[in-house]
Every structure is written in C-alpha cells, then in structure tokens.
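**Q** Submitted below is the structure of interest, expressed as structure tokens.
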Amino acid sequence: MKRNSKIYKFTAAIAIIGVLVAAILYYRLPNRHKAIVKTYLLQHSGLVDNQWKIDNKLQHYTMISPAFYIDGIYKSMEGPKSSNYVQLSQDSTLLWITGFHVRALNSSNKKRISNDFICHTNVDFNEVKYFSNFHLNDRIGKQYPRMTSLSHGLENFKFPKGYGVPMKGNDLLYVTTESLNHNIPDANYLIKHEVQIDYLTNITSYKPLMSRTVYIMLPYDKSDPYKSPIDPGKDYCIPVETKNHSYDDGCGNKLSGHWVIPKGKHTYRSSIDNQLQITADSIRLHAAAVHVHPFATALTLWDKTNKKAIFTSHIVNHRDKIGLSKIDAFSSESGVWMMQNHNYELILEVNNTSTIDQDMMGSMFLFFYDEELDRQLHRGN
C-alpha cells in the first residue's frame with residue numbers, strides 16, 4: 001500500500017509539474033498562437049459547436065463556421081479561425097464563381113452581429129487540379145493559389161456582369177475564416193461566420209478571369225529586425241514577426257508583408273512587377289478586392305511608367321473605435337489595360353490616430369481577363 005501511495009504521489013507531482021510547464025509555455029505564446037490552442041481545445045473537447053453547417057442552394061453555396069470564442073482583444077491576424085474544404089457540386093460540371101460574402105453571427109440564435117468580429121476569409125484553390133483540368137499545366141507553381149480574400153471593411157465582393165472564375169464543380173476550394181475583436185477587452189462571446197460563394201451553371205457567354213495577388217513588401221534589417229526607431233536613411237520597416245509574411249528578394253535581403261506603423265500619417269510603396277507576372281504584351285484588369293488593416297486610408301494601384309493611378313481604394317475607418325467601415329473594391333465590365341513594358345507599384349497611405357504603434361498590410365487581389373483559358377473553354381465546346 002505504501003508503495004502504491006508513493007506511486008500515486010509521484011504521478012500527481014509529475015502531472016502538476018506538467019500542467020505548470022504547459023501554463024507557462026501557453027502564456028509565453030503570442031496572442032494568435034494562444035487563439036489557435038484555445039480554439040483547438042474548445043472545438044475538439046466538444047465544449048463549443050465544432051462543425052461546419054453546409055447549405056448548397058442553387059447558385060449559392062453557404063456554410064456556417066464552428067463557434068469562435070472571443071474572450072479578449074484579437075487584432076488582425078490573431079483571432080480564432082477555422083478552415084473547411086468546399087465542393088460546389090459532386091460532378092465535373094463547369095461552374096462560374098461570381099461573388100463572395102461573409103458575415104458574423106451570434107452563435108446561439110444565428111442572428112447577424114457586427115462585422116467588427118470578421119478579420120478575413122481566404123479562398124484558396126488546388127492549383128494542380130485546377131490548371132490540369134484546363135490544360136494549363138505551365139501555370140502550376142507560379143503563384144500562391146489564393147483566389148481571393150474578404151476582410152473587415154470588404155465583406156462582399158462581386159465580379160462585373162459577364163465575368164467570373166470558371167472551375168469544375170468537384171474541384172476543391174479551401175476556405176479559412178478568422179475572427180477579430182479590436183475594441184472589447186472584457187469580451188465573452190461565442191460567434192460564428194457565415195460564408196457564401198455565388199456561382200452560375202449552364203453559362204456559355206461568360207468570360208473567364210484569372211487572379212493575381214499583389215502586396216506591399218518592405219525591407220527590414222535581417223540582423224536586427226526589431227530595431228527601433230525605423231532608420232529613415234535605409235527605409236527599413238519593423239516586421240510584426242519574421243516567420244510569417246517574410247520574403248527574400250533573391251539577393252539575400254529580407255522583406256516583410258506585415259509590418260509596424262508608428263503614430264501619424266505615413267506612405268508606403270512597393271514594386272509589384274514580379275508579382276503581376278505579365279507575360280503578354282498587355283492584360284486587361286476587370287476587378288480588384290483589397291485587404292488592409294485599420295488605420296489605412298487609401299491603397300493605390302499605380303502605373304509608375306505613366307505616373308497615374310489605375311485604381312485607388314478609398315478606405316473609411318470607424319470614427320469612435322478601431323476598425324474599418326468600408327473598403328472600395330474595383331469592378332469594370334470594360335476593364336483597364338496594363339502593359340508588360342510598364343512598371344507598377346502599390347502605394348499605401350495610413351494615418352495611425354491611436355497612441356501606440358499598429359500593424360499593417362496592403363494587398364490587392366487582381367482579376368484579369370484570361371484569354372488563354374477562354375480559348376480552352378471554347379475548344380472544349
């Protein structure tokens with residue numbers, strides 16, 4: 001009995017030490033990693049609803065996320081999130097994606113709540129299967145396969161009339177939706193996100209769009225990335241972190257797509273020529289969705305050669321709290337031509353009216369008429 005008692009005490013001591021070590025490690029995690037741990041434990045323990053709810057009505061694919069527990073401040077890129085694979089149909093019927101929507105819901109009664117609880121919703125595609133289906137294998141591996149992203153301030157996005165992204169119905173989309181809370185430190189909410197994808201079938205007159213993701217990347221000092229203040233002589237930024245959204249320019253220099261902005265008004269610009277990958281003499285832009293963080297005021301797609309704006313997204317911030325009320329998107333049936341022999345950049349204007357440094361990103365999801373794919377589709381008919 002004494003031996004068993006010692007074993008029990010030893011086991012209990014080890015368990016207590018394990019809990020203490022786990023607690024210490026947890027509290028040392030960044031906020032976004034804490035959210036990942038909490039979401040995993042809550043959903044896998046069954047304490048919150050952990051299932052995606054799917055409703056695939058004609059021309060609208062709607063799904064409701066598992067519950068997200070909002071228990072404090074979660075800035076952009078930090079909140080609880082969940083991912084789900086989507087098949088718009090069970091066969092290889094050609095579909096045309098025409099729009100995307102996301103809204104926040106009360107977890108219990110499914111009533112709509114503030115969009116301030118929406119961080120972003122990413123829609124990715126399986127590029128190997130997608131391009132192989134359309135005999136465009138040379139495009140595989142050329143760019144990150146993100147179709148688009150919705151975010152706080154741009155929760156609804158539609159392509160212009162007569163245009164869409166074609167795909168086989170049984171191809172997979174990978175949807176990730178993430179929550180947000182900039183303003184309520186004592187929050188204690190369970191919320192969900194409702195994501196909707198609009199699509200059409202039996203369409204022969206639509207023209208196909210292809211996406212290109214472009215984003216601002218700023219250099220940082222790889223030997224001392226968090227040096228403060230920013231050295232204006234070298235135009236370095238301070239990255240939020242160096243593991244995610246960190247890139248190499250091919251010459252050994254480090255660039256960040258997620259950086260810190262100080263108080264006040266500032267302008268950031270970055271070349272996007274390599275991201276555009278314009279291989280033809282010209283290409284026609286028909287739509288653009290924009291992703292920025294609070295305190296951004298405008299993001300411009302700039303023709304550096306002609307010295308004029310192709311499109312400026314004007315961004316409206318909340319007046320009495322942190323957040324984005326509206327982000328302008330671009331949609332045009334006639335389109336705007338962009339030339340291979342021109343240079344292009346993104347120009348981001350910000351006004352950090354808070355009392356502390358904030359984090360920032362500036363991205364556009366550009367949609368161009370896809371002449372090559374159009375020929376493939378008509379060849380298939």
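**Q** Taking 30 Å as the cut-off for C-alpha to C-alpha distance, list the pairs among K207/K308; K254/K307; K111/K168; K142/K321 that go past it.
**A** Numbers: K207/K308 28 Å; K254/K307 28 Å; K111/K168 33 Å; K142/K321 40 Å.
Beyond 30 Å: K111/K168; K142/K321.
**Q** Also, I was wondering about something else. What's the carbon and sulfur percent of region 318-376's accessible surface, probe 1.4 angstrom, rounded to a whole number?
**A** So the carbon and sulfur contribution to the accessible surface is 43 percent.
**Q** So what are the ³J(HN,Hα) numbers for region 193-205, from phi and the Karplus equation (6.51, -1.76, 1.60; θ = phi - 60°), rounded to whole Hz, Gly and Pro as x?
**A** 10, 9, 10, 10, 10, 8, 8, 10, 10, 6, 10, 10, 9
**Q** Using a 1.4 angstrom probe on heavy atoms only, work out the carbon and sulfur share of the accessible area of region 152-307 in %.
**A** Carbon and sulfur together cover 48 percent of it.
**Q** Over 21 Å between C-alpha atoms is what I'm after, so list which of K129/K243; K222/K304; K222/K243; K75/K326; K57/K81 land there. List each step's numbers first, then the result.
**A** Details: K129/K243 29 Å; K222/K304 28 Å; K222/K243 12 Å; K75/K326 18 Å; K57/K81 25 Å.
Over 21 Å Cα-Cα: K129/K243; K222/K304; K57/K81.
**Q** In square angstrom, what is the accessible area per residue of the chain with a 1.4 angstrom probe?
**A** Heavy-atom accessible area per residue stands at 51 Å².
**Q** Considering the dipole of region 59-141 built from charges on the beta carbon (Lys and Arg +1, Asp and Glu -1) around the Cα centre, which of S114, H60, F125 is farthest to its positive end?
**A** My answer, from the dipole projection, is S114.
**Q** Report the one residue of A298, L255, G323 whose Cα lies farthest in the direction of the positive end of the charge dipole of the chain (charges on C-beta: Lys and Arg +1, Asp and Glu -1; origin at the Cα centre).
**A** G323
**Q** Moving on to the next point. Taking the Cα centre of the chain as origin, sum charge times position over the Cβ atoms of Lys and Arg (+1) and Asp and Glu (-1), and report the length of that vector in debye to the nearest 20. Intermediate values should be presented prior to the final figure.
**A** Details: 43 positive and 36 negative charges, 259 e Å.
Roughly 1240 debye for the chain.
**Q** Using DSSP to define loop residues, name the trypsin sites (Lys or Arg not before Pro) in region 227-336 whose beta-carbon has at most 15 other beta-carbon atoms within 10 Å.
**A** Passing both the DSSP loop test and the Cβ count: K227, K234, K243, K263, K304, K307, R319, K321.
**Q** Additional query: Using the Cα centre of the chain as origin and beta-carbon charges of +1 (Lys, Arg) and -1 (Asp, Glu), tell me which of V214, H378, F100 is placed farthest towards the positive end of the dipole.
**A** Comparing the listed Cα positions along the dipole, F100 ranks first.
**Q** May I pose another question? Express the carbon and sulfur contribution to the solvent-accessible surface of region 37-138 as a percent, rounded to the nearest whole number, probe 1.4 angstrom. Before the final figure, lay out the partial values.
**A** Details: 2440 of 4840 Å².
Ligands and nucleic acids excluded, carbon and sulfur reach 50 percent.
**Q** Quick one: grab Rg to one decimal and Dmax as a whole number for the chain, Cα atoms only, in Å.
**A** Using the Cα atoms of the chain, the pair Rg, Dmax is 23.1, 88 Å.
The values are calculated or read from the model by the stated rules, or taken from the named source; none is laboratory data. Quick caveat: nothing in here was measured; it's all calculated off a predicted structure. Cβ atoms come from the backbone with ideal geometry, glycine included; neighbour counts cover every protein chain shown. Accessible surface areas use protein heavy atoms only, side chains included; no ligands, DNA or RNA. Shrake-Rupley method; radii C 1.70, N 1.55, O 1.52, S 1.80 Å.
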